[in-house]
1. For K358, go through the lysines and keep the ones whose alpha-carbon is under 26 Å away, minus same-chain ones fewer than eight residues off.
2. Could you list the residues of the stretch 334-350 with an amide nitrogen less than 17 Å from a label point located 7 Å from the Cα of E294 in the Cα-to-C-beta direction?
3. What is the spin-label model distance, in nm, from D366 to F96 if the labels are put 7 Å beyond Cα along the C-beta direction?
4. Could you give the length gained on full extension between N48 and W18, defined as 0.36 nm per residue of separation minus the Cα-Cα distance, in nm?
5. What longest region of the chain stays clear of chymotrypsin sites (Phe, Trp or Tyr not before Pro) that DSSP places outside H, G, I, E and B and that have at most 10 other Cβ atoms within 10 Å?
6. Is the stretch 89-185 rounded, prolate or oblate when judged by the Cα gyration tensor, a ≥ b ≥ c being the square roots of its eigenvalues, rounded requiring a/c under 1.5 and prolate requiring a/b larger than b/c?
7. Taking 0.36 nm per intervening residue step and subtracting the Cα-Cα distance, what contour gain separates R148 from T114 on full extension?
8. For a Förster distance of 22 Å, can you work out the FRET efficiency between the beta-carbons of R374 and R197, rounded to the nearest 0.05?
Amino acid sequence: MSASTLSSTGLRPEAQAWQDGKRYLWPLALVVPVLPYVAYGLWHRFDNALAWYLTPFLVFVVVPAGDWLIGEDAGNPPPEREGELQSAWYYRVLTFLYLPLQFGSLVLGAWMWTQPQVSLAARIGLIVSVGIVTGIAINTAHELGHKREEVERWLSKIALAPSGYGHFYVEHNRGHHVRVATPEDPASARMGESFYRFWPRTVGGSLRSAWELETKKHRLRKRSPWTLRNDVLNAWLMTVGLFAALTGWLGISVLPFLLAQMVFGFSLLEIVNYLEHYGLLRQRTAAGRYEKVEPVHSWNSDRLSTNVFLYQLQRHSDHHAYPNRRYQVLRSFYEAPQLPAGYATMIVVALFPPLWRKVMDQRVLDHYDGDALRANLTPKLRAKYEAVARKQS
């Protein structure tokens, strides 16, 4: 590149002129944890249980509608501007702000649960609303937990406390990122596996994996894993302390609410895990190892609406390639397989296995040029395709 093509700042003119078009959209990620407060105000004013369904209405109706109406944004920041974006505190503060809003909504929900005038319909909406806030908080914890700064790592574990999923901090970073898109990864769904079969496998498998990883780390350092330095234990203790404090304040009757929103919250995470790598498989090299993680090993979406609400989680391929990259600089890759809709829509589709298989299984096969044996399959489905291959040979 000749010097004449550079501005006085040393940047290409197009790089210097570039602006983050989503800069003032990112605060929309904080709308979800604000909605329970709005719902309370509406419920208190009109005494209508429908107010507590405002949060799921936004997440599963308004955001998907926005995906279709607004469409996609595949633009990437110029490489020369990435360092500036990475270091900008504006983006970081937006993730920090999620936590006080999250905990406030949990406290509000817990208090509401103990009020005798709250109807059954309102209680169900309360669980779903706070559960959604708790579940999306795991995505905030995901963003924070990958960073090198100690304060962000601790904030990640704090954000995980209401979901009781503190072990995610260990398993996601040191387990899932190593084994992603392989049969050994409990968080990578196999083609032919419904979400309802995936759920117990990933919940139990991720918990076991996190404990094994942390136990191995401490034993290599010649110490017992039963220590507060164990990142699984200290994260779980945050949940115990939080729930104990709320129970001490409001009484034991609040426990069903706390446990229900917890399960709903981590189930929301797991349904996202289900769709992020469904059927995708890293192939073995000549040396017998799995190939390195590439953009082709994660399902992506450039649907703008969901990306804004989820800190660009849908640009999942770049996240796996460079886990320390902050959400505002994650890139879209043309070679990454694309979902037919945003995560907010695909979560609903995944709840209906026949519809999910109709939408996704052919996409997996097309991704592997019709060779099903290159995909991550359930054992039953692999045996079926191997039998077909033997007959054809």
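1. List returned: K380, K384, K391.
2. Those under the cut-off are 334-338.
3. Label-label distance for D366 and F96, simple model: 4.5 nm.
4. Gain on stretching N48 to W18: 6.1 nm.
5. Answer - 25-225.
6. It is oblate, given that a/c is not under 1.5 and a/b is not larger than b/c.
7. Extra length available between R148 and T114 comes to 8.2 nm.
8. 0.50
The values are calculated or read from the model by the stated rules, or taken from the named source; none is laboratory data. None of these values were measured; they are calculated from a predicted model. So basically every Cβ, Gly included, is an ideal-geometry build from the backbone, and we count neighbours across all protein chains shown. The protein model used for the area step is the full one, side chains on, heavy atoms only, and it has no ligands, DNA or RNA in it. Shrake-Rupley method; radii C 1.70, N 1.55, O 1.52, S 1.80 Å.
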